[in-house]
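First up is the structure itself, then whatever we jot down about it.
Please treat every number below as a calculation from the coordinates, not as lab data. Keep in mind it's a predicted model, so treat the numbers as computed, not measured. Every residue, glycine as well, gets a Cβ built from its backbone with ideal geometry; the counts of neighbours run over all protein chains shown.
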Amino acid sequence: MSLQRDIADYIRSGESANRNLGLEIEHFIIDNRGVQITFDEISPLIDEVSKTLGAEIIYMDGYPVGYYTGEYSTSLEPACQFEISINPYNDISEIERIYREFRDLWEPIFAARGYHFEEKGNLPLVERGLITPDDIPLSPKKRYKYMNAYFEKSGSYGKYMMRASASTQISIDYKSEADMVRKLTVLEKISPILMIMMENKTDPNATLPGKEHLPHLFRTQQWDDLDPARTGFVPHSLDAGFGYDKMAEVIMNTPLILLTDEGATTDVGSKTAKDLIADSTINYPDADDARKKRLIEHFMSMGFFHYRVKKYIEIRVADSVPIRKALGYVALIKGLIYSEKNLDFLAKALSSVTTADEIEEAVVAIEADGLAASVFNGMSAGAWADQIFRLAASELSKKDKEYLNGVRTVWNHSEKENTDQRTA
């Protein structure tokens, strides 16, 4: 089918010898009570600031919802979580410079109105049970209206995800189809470890309703229960023969919920891109190249897997964290994924993990026991965290190692255990 070929070609066009990393952080903008800024307050500020900067304003449904400066873009998530997406760079200090300039710009603007930035995996008021997601209004975008209605039926925690969650995301390059598969496979297998390393809760004892036995990975639990058709690990990604074509097949068969095309957003429920072309809702063969590209990017955006494969691999397993830890996370990924030596080591060490179900079992174990959970090869999550930290450090420059310290955590195991288990 033409669409599958075009999606595969789109992914293939991302092949690059670069070793860049993009960083995205979602922030809560809250007052001293912990209540989020409203859409009616922040949208005009985005309009005003973007014009002052001479930036390109990003509109949705006629509202200013973000801007692009050439170095970074901003956007508003469903309940006004304020995201910055920084262009990919190999130099972590460039990422830091851009982020700090963004904060220097916006902090006084918010402070003058009684608000401040908060980086957490979930809105503290919701995590601590002081309010529920029903107390939080959504942005007036058709996109979020349709998603909200869909997720009320597809899972248990859609309202939590949309209204009260925030993440840190990293994007990385791949140089070939084989390189994409190799990096994605290793990343998926170490996902449970990255999740607990990047957990950022306000109350360590807080749990979701009905999940009192699972005190860790509060945000991850919401996503995993959101909608099995679009969450978790990429379907078939650990199967033999996975590559661009299989990834394209996943994308074209993911239920879309909504369609954004030619300036309009419509509710399409559980129909897939393949369905919409088959029933002539989209006349894809006759679309021009620019429209096809926009459609493909929209189709990709409606899969909420832990990883997205676009023209890069998007890593989506971390909570929102302050910039020091976020830059440490960037350094960690850089030291692991842009090292052939470390990729080889991790691929071999985790070769016995062959299914997504095994990775999910490790996630559930960590949700219950945190760093003490026994996961792969009989090692604790804490021992694995220490191992991948040391692997990354062994391949980073002195300058990047300093950033790596920002992600360091006190592991819940003894130094002797760490030494004994380091040769996974």
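Would you kindly give the portion of the calculated P(r) for segment 166-315 that falls above 18 Å, as a percent of all Cα pairs? Above the 18 Å cut-off, segment 166-315 has 63 percent of its Cα pairs.
For 104, 61, what's the fewest-to-most ordering of other Cβ within 10 Å of each Cβ?
Details: 104 9, 61 16.
Ascending Cβ contact count within 10 Å gives the list 104, 61.
If R0 is taken as 51 Å, the Cβ-Cβ distance between residue 59 and residue 15 corresponds to a FRET efficiency of 0.95.
Please state the relative contact order of the chain as a whole percent: Cα pairs under 8 Å, 6+ residues apart?
Numbers: 718 pairs, mean separation 82.6, N = 424.
Contact order relative to length: 19 percent.
Using only DSSP helix segments of four residues or longer, with each worth -39500 (n - 2.57), what per-residue ellipticity at 222 nm results for the chain after dividing by its residue count and rounding to 500? Rounded to the nearest 500, the figure is -14000 deg cm²/dmol. Less than 5 angstrom separates the built amide H of residue 89 from those of 21, 22, all sequence-distant by 5 or more or on a different chain. From the largest down, the chain spans 59, 54, 44 angstrom on the principal axes of its Cα atoms.
Between residue 52 and residue 107, the distance separating the two model label sites (each 7 Å from Cα on the Cα→Cβ line) works out to 1.5 nm. Computed from the alpha carbon positions, the gyration tensor of segment 230-283 leads to an equivalent ellipsoid with semi-axes of 25, 12, 9 Å, biggest first. Seen from every direction in turn and averaged, the convex hull around the alpha carbons of segment 284-416 projects onto 11.1 nm². With Cα atoms defining each centre, segment 103-148 and segment 255-331 are spaced 23 Å apart in the structure. Here the gap between residue 352 and residue 368, fully extended at 0.36 nm per residue and compared with their Cα-Cα distance, gives a gain of 3.5 nm. Scanning the chain for GluC sites (Glu not before Pro) in DSSP loops with at most 11 neighbouring Cβ atoms within 10 Å leaves 1-211 as the longest stretch between them. The Cα-based radius of gyration and maximum Cα-Cα distance (Dmax) for segment 266-347 are 18.4, 49 Å.
Note on residue 128 and residue 142: their simple-model spin labels are 4.0 nm apart, each label 7 Å out from Cα toward Cβ.
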